[in-house]
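Student: If you scroll down you'll find the structure; I have some questions about it.
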Amino acid sequence: MALLPEVKKHYGKQKLFINGEWIDSKSGEIHENPNPATGEIISEFPTATREEARAAVEAAHQAFQTWREVPMRDRARLLFDMRARFEEHFDELTRVLVQDHGRTIGEAIGSVRRVIENIESACSALYSLRKENEHMEQVARGIDQYLTWEPLGPFLIITPGNIPMHAWSSFVPYALAAGCTVVVSPSRQDPVAAEYICRVAQETGFPPGVINLIHGGRNINKDILLQPEIKGVGFIGSNRAGWELFALCGKLGKTSSINGNGKNHVVIMPDANLDEGVQWLLRACFGMTGQRCLGTDNVVVIGDIYEEVKAKFKEAAAGMKVGYGLDEATELGPLTTRAGKEKVLDWIDRALAEGAKMVLDGRNIKVDNYPAGNFLGPTILEDVHVDMATAKEEAFGPVAGLIRCDSLDQAIEWINTKTNLGHSACILTQSGKNARKFIREVNVGNVGVNLGVPQPYAFFPLGSRRESFVGTAKSRMGSMRLFMDEKTVCTRWV
């Protein structure tokens with residue numbers, strides 16, 4: 001298989017996008033952005049000043065006054081045009097994502113496809129607003145009443161380092177469809193991907209100020225949210241940052257969609273198809289190098305199949321090709337940052353100190369031609385128990401912990417009580433009865449049967465629960481309720 005070419009070797013000093021113009025920041029705080037696989041610097045980017053952040057807010061506020069009045073069919077046309085631009089730049093976007101984030105080219109293709117599906121879903125949501133607008137005549141003598149939805153205003157959108165493009169599309173197209181404007185503040189981990197997705201979207205010709213991009217950070221994000229023109233925030237990231245934003249939104253009376261950490265499980269029943277199931281485990285535990293909201297690091301094995309699961313899983317994981325994601329043969333890329341890799345290594349050390357045993361050790365893997373990359377091979381632990389701290393905390397790396405379990409009831413109890421997080425859980429089984437019980441009783445927002453990652457398509461919301469989500473509305477299709485509010489109108493003409 002081929003090693004695909006990089007879009008650019010170096011992307012230069014990145015700019016801010018405010019009121020329809022790409023501008024150089026006046027900030028003296030400049031950061032280097034390395035390629036996670038090669039360690040080479042591929043761009044420099046600024047932390048925007050407070051004045052620049054304020055300018056972005058003002059641009060979004062002014063643009064909202066006219067964007068909200070754009071006829072629905074014209075907004076829909078622009079969204080359809082934006083979808084076409086993403087199709088045109090599909091190959092370029094996937095390679096930028098690999099180079100900036102570290103995932104494999106196959107994973108990048110899937111991610112950009114999710115972006116396009118979200119744009120399509122936003123178009124669908126725009127046309128579906130007619131279903132939300134209810135009208136009743138003669139509710140009382142001479143009185144008619146109807147319900148309508150109106151856009152709230154400019155929103156702050158904060159995207160994470162693990163899914164920079166997918167997270168953008170989980171909010172921005174829906175905000176634009178609703179008639180809102182946005183200030184996007186991406187993670188510092190992959191700023192090139194954030195810039196490219198903004199450039200492609202802006203090729204559509206949205207009016208100045210409808211989309212704005214700044215490279216901020218936690219303090220700048222709080223400053224933006226404090227601005228009275230900003231009506232709320234769409235966020236995907238850590239619980240620590242997300243709950244701070246949620247508390248601030250509560251204090252300010254603003255809406256929010258806060259999507260945080262997870263601690264997900266795959267439960268393997270004795271009747272599961274293990275040959276297929278192991279392939280699902282590879283994707284669940286090691287896909288995107290374990291850096292995914294719906295990924296799994298707790299593998300719960302029920303009954304006497306434990307040794308067979310362990311052997312098959314170890315063999316399959318040990319055979320994965322680790323390398324640069326632009327190599328089409330690569331199955332596992334690097335972690336996005338050096339700090340992220342160190343956190344995962346620390347997590348593994350703590351698990352071992354708690355009593356876990358190593359089944360497959362990926363800590364010292366060497367990748368030819370890429371000695372400076374943030375690589376960590378597939379790692380499998382056993383003798384993991386649900387009362388360990390590391391069994392309750394997200395590893396966020398290519399790590400799987402095997403947990404022995406006696407029954408499905410026990411597995412469900414563990415998932416529901418041993419962690420406060422509720423992104424996802426999957427069951428591998430041939431029993432419809434057991435699958436139905438699992439679906440009905442497990443207290444998470446995204447459930448999978450005979451798959452490893454229960455990823456909702458764009459036209460469904462990301463249904464996370466408990467401390468994995470707080471806010472006014474879920475992301476993706478559900479975010480239309482984040483960006484709009486109801487108005488009830490009573491009229492008397494007779």
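The values are calculated or read from the model by the stated rules, or taken from the named source; none is laboratory data. For clarity, every value in this text was computed on a predicted model and none was experimentally measured. Glycine also receives a Cβ, built like all others from the backbone with ideal geometry; neighbour counts cover every protein chain displayed.
Student: Being within 27 Å of Ala317 (Cβ to Cβ), out of contact with any helix residue (DSSP H, G or I) (no Cβ under 6 Å at 6 or more places or on another chain) and of a type in the set (Lys, Arg), is that true of even one residue in the range 380-398?
Tutor: Scanning the range 380-398 turns up at least one residue that is within 27 Å of Ala317 (Cβ to Cβ), out of contact with any helix residue (DSSP H, G or I) (no Cβ under 6 Å at 6 or more places or on another chain) and of a type in the set (Lys, Arg).
Student: Still on this structure: Look at the range 297-312 and say how many of its residues are within 22 Å of Val442 (Cβ to Cβ) and either within 27 Å of the chain's Cα centre (by Cα) or charged (D, E, K, R) (or both).
Tutor: Start the filter on the range 297-312 by keeping residues that are within 22 Å of Val442 (Cβ to Cβ), which leaves 297-303, 305-306, 309.
Those still in the list that are either within 27 Å of the chain's Cα centre (by Cα) or charged (D, E, K, R) (or both) too: 297-300.
Number of matching residues: 4.
Student: Continuing with the same structure: Looking at (1) within 22 Å of Asn298 (Cβ to Cβ); (2) surrounded by 20 or more Cβ atoms within 10 Å (Cβ to Cβ); (3) out of contact with any Lys or Arg (no Cβ under 9 Å at 6 or more places or on another chain), can you tell me which one Ile348 breaks?
Tutor: Evaluating Ile348 over (1) within 22 Å of Asn298 (Cβ to Cβ); (2) surrounded by 20 or more Cβ atoms within 10 Å (Cβ to Cβ); (3) out of contact with any Lys or Arg (no Cβ under 9 Å at 6 or more places or on another chain) leaves (3) as the failure.
Matching residues to (1) under 30 Å from Arg113 (Cβ atoms); (2) surrounded by 22 or more Cβ atoms within 10 Å (Cβ to Cβ); (3) free of Cβ contacts under 8 Å to residues at least 24 places away in the same chain:
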| position | (1), (2), (3) |
| --- | --- |
| Thr390 | no, yes, no |
| Gly397 | yes, yes, no |
| Leu402 | no, yes, no |
| Thr419 | no, yes, no |
| Cys426 | yes, yes, no |
| Arg436 | no, no, yes |
| Tyr457 | yes, no, no |
| Arg465 | yes, no, no |
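Student: Under the condition of being outside any strand (DSSP E or B) and in contact with a helix residue (DSSP H, G or I) (Cβ under 9 Å, 6 or more places away or on another chain), which residue from the range 40-51 is surrounded by the fewest Cβ atoms within 10 Å (Cβ to Cβ)? Step through it out loud before you land on a result.
Tutor: Initially, the range 40-51 is screened for residues outside any strand (DSSP E or B), giving 40, 47-51.
Now restrict to residues that are in contact with a helix residue (DSSP H, G or I) (Cβ under 9 Å, 6 or more places away or on another chain): 47-50.
On the way: Thr47: 19, Ala48: 26, Thr49: 17, Arg50: 13.
Among those residues, the one meeting the criterion is Arg50.
Student: Further, regarding this structure: Test Ile197 against the criterion of being within 17 Å of Ser475 (Cα to Cα) and surrounded by 23 or more Cβ atoms within 10 Å (Cβ to Cβ), and give yes or no. Break it down stepwise before answering.
Tutor: On the way: within 17 Å of Ser475 (Cα to Cα): no; surrounded by 23 or more Cβ atoms within 10 Å (Cβ to Cβ): yes.
Considered against the rule, which asks whether it is within 17 Å of Ser475 (Cα to Cα) and surrounded by 23 or more Cβ atoms within 10 Å (Cβ to Cβ), Ile197 comes out as no.
Student: Thr336: touching a Pro at 6+ places or on another chain (Cβ under 7 Å), surrounded by 17 or more Cβ atoms within 10 Å (Cβ to Cβ), hydroxyl-bearing (Ser, Thr, Tyr) and farther than 29 Å from Gln430 by Cα, yes or no?
Tutor: yes
Student: Further question on the same structure: Has the range 121-137 got at least one residue that is closer than 23 Å to Arg188 by Cα and touching a helix residue (DSSP H, G or I) at 6+ places or on another chain (Cβ under 9 Å)? Let's see the steps before the verdict.
Tutor: The first filter runs over the range 121-137 and keeps only residues closer than 23 Å to Arg188 by Cα, leaving none.
No: the range 121-137 contains no residue that is closer than 23 Å to Arg188 by Cα and touching a helix residue (DSSP H, G or I) at 6+ places or on another chain (Cβ under 9 Å).
Student: Give me the helices (runs of 4 or more DSSP H) completely within the range 403-494, filtered to those with at least 2 residues that are more than 25 Å from Val278 (Cα to Cα), of a type in the set (A, V, I, L, M, F, W, C) and outside the structural domain of Thr390 (by TED's automatic domain parsing), ordered by residue number. Step through it out loud before you land on a result.
Tutor: Working: elements: 408-417, 432-441, 480-483.
So the answer is 480-483.
Student: Here's another thing I want to ask about it. Can you say whether Arg188 is free of Cβ contacts under 8 Å to residues at least 12 places away in the same chain, among the charged types (D, E, K, R) and surrounded by fewer than 24 Cβ atoms within 10 Å (Cβ to Cβ), as far as the supplied structure shows?
Tutor: Details: free of Cβ contacts under 8 Å to residues at least 12 places away in the same chain: no; among the charged types (D, E, K, R): yes; surrounded by fewer than 24 Cβ atoms within 10 Å (Cβ to Cβ): yes.
Criteria not met by Arg188.
Student: Same structure, new question: Across the range 200-219, what is the number of residues that are over 16 Å from Leu78 (Cβ atoms), modelled with pLDDT under 95 and not in a loop (DSSP other than H, G, I, E, B)?
Tutor: Selection size over the range 200-219: 2.
Table: residues versus (1) surrounded by 16 or more Cβ atoms within 10 Å (Cβ to Cβ); (2) aliphatic (A, V, I, L, M); (3) under 30 Å from Asn35 (Cα atoms); (4) out of contact with any Phe, Trp or Tyr (no Cβ under 9 Å at 6 or more places or on another chain).
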{"site": "His89", "(1), (2), (3), (4)": "yes, no, yes, no"}
{"site": "Glu92", "(1), (2), (3), (4)": "no, no, yes, no"}
{"site": "Arg95", "(1), (2), (3), (4)": "yes, no, yes, yes"}
{"site": "His101", "(1), (2), (3), (4)": "yes, no, yes, yes"}
{"site": "Val115", "(1), (2), (3), (4)": "yes, yes, yes, no"}
{"site": "Asn118", "(1), (2), (3), (4)": "yes, no, yes, no"}
{"site": "Ala122", "(1), (2), (3), (4)": "yes, yes, no, no"}
{"site": "His135", "(1), (2), (3), (4)": "no, no, no, no"}
{"site": "Gln138", "(1), (2), (3), (4)": "no, no, no, yes"}
